[in-house]
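Data first, discussion second: the structure below is written as structure tokens.
The values are calculated or read from the model by the stated rules, or taken from the named source; none is laboratory data. Computed from a predicted model, the values in this text were never measured in an experiment. Glycine also receives a Cβ, built like all others from the backbone with ideal geometry; neighbour counts cover every protein chain displayed. The accessibility values were calculated without ligands, DNA or RNA, using every heavy atom of the protein model including side chains. Shrake-Rupley method; radii C 1.70, N 1.55, O 1.52, S 1.80 Å.
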Amino acid sequence: MPDLHALDHEAYVERAIELARAAGDRGDGPYGSLLVLDDAVVMEETNRERTDDDIALHPELTLARRAARELAPAERERAVMYTSTEPCPMCAGGISISSLGAVVYSVSGARAAAEFGGSEGVPCGEIFDRRGCDVDVVGGVLEAEGLAVHREFRGDD
């Protein structure tokens, strides 16, 4: 398991938010993620649902799939996914299958639903628990900044 107390969550979430902004600017939903291993960024992704016409191209699922292919099991267990918004149930399933060690996000699904409407989905921690996975979850990091990206994308800024 990664040592979450030793990592600069704000710096990594800030980068995830930058990636989300780039996705939104491109016309995709404003979601961005990165994978950190031993305090170094090893992968980054943005949402590409519209750009690549594939509803499954959420950045979290894309990174989980890449991690499963490119990292050894022990590396995946130490890896932390930083993401602009809490992983949806589909992405949480991919994260659990790939055996990542932790997820740190900015905006929760519940907060996004309360602010912008829609379903809050199932919290990713609940998905991990249901699957019997030992994935640490930290949420609400730079939440105001994460919400701002969603507002910009919707033209509410």
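Figures for the structure shown
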{"item": "Members of segment 100-138 found to be open to solvent by 40 Å² or more (accessible area, probe 1.4 Å) and closer than 15 Å to Y82 by Cα, listed by number", "result": "D136, V137, V138"}
{"item": "Condition met for T62 (surrounded by fewer than 24 Cβ atoms within 10 Å (Cβ to Cβ), at pLDDT 95 or above and among the polar types (S, T, N, Q))", "result": "yes"}
{"item": "Among (1) outside any loop (DSSP other than H, G, I, E, B); (2) crowded, with 21+ Cβ neighbours inside 10 Å; (3) touching a residue at least 60 places away in the same chain (Cβ under 8 Å); (4) out of contact with any Phe, Trp or Tyr (no Cβ under 8 Å at 6 or more places or on another chain), the one test that A67 misses", "result": "(3)"}
{"item": "R69 vs. criteria of a type in the set (K, R) and at pLDDT below 95", "result": "no"}
{"item": "Close pairs (6 angstrom Cβ cut-off, 6 or more residues apart or separate chains): without any contact (Cβ under 8 Å) to a residue 40 or more places away in the chain and crowded, with 24+ Cβ neighbours inside 10 Å in segment 15-39, of a type outside the set (G, A, S) and in a strand (DSSP E or B) anywhere", "result": "A23/T46"}
{"item": "Residue under evaluation L57, criteria (1) touching a helix residue (DSSP H, G or I) at 6+ places or on another chain (Cβ under 7 Å); (2) assigned to a loop (DSSP other than H, G, I, E, B); (3) within 16 Å of A22 (Cβ to Cβ); (4) open to solvent by less than 40 Å² (accessible area, probe 1.4 Å), criterion not met", "result": "(1)"}
{"item": "Residue match in segment 27-44 (condition: of a type in the set (A, V, I, L, M, F, W, C), under 20 Å from V149 (Cα atoms), in contact with a Lys or Arg (Cβ under 7 Å, 6 or more places away or on another chain) and not in a loop (DSSP other than H, G, I, E, B))", "result": "yes"}
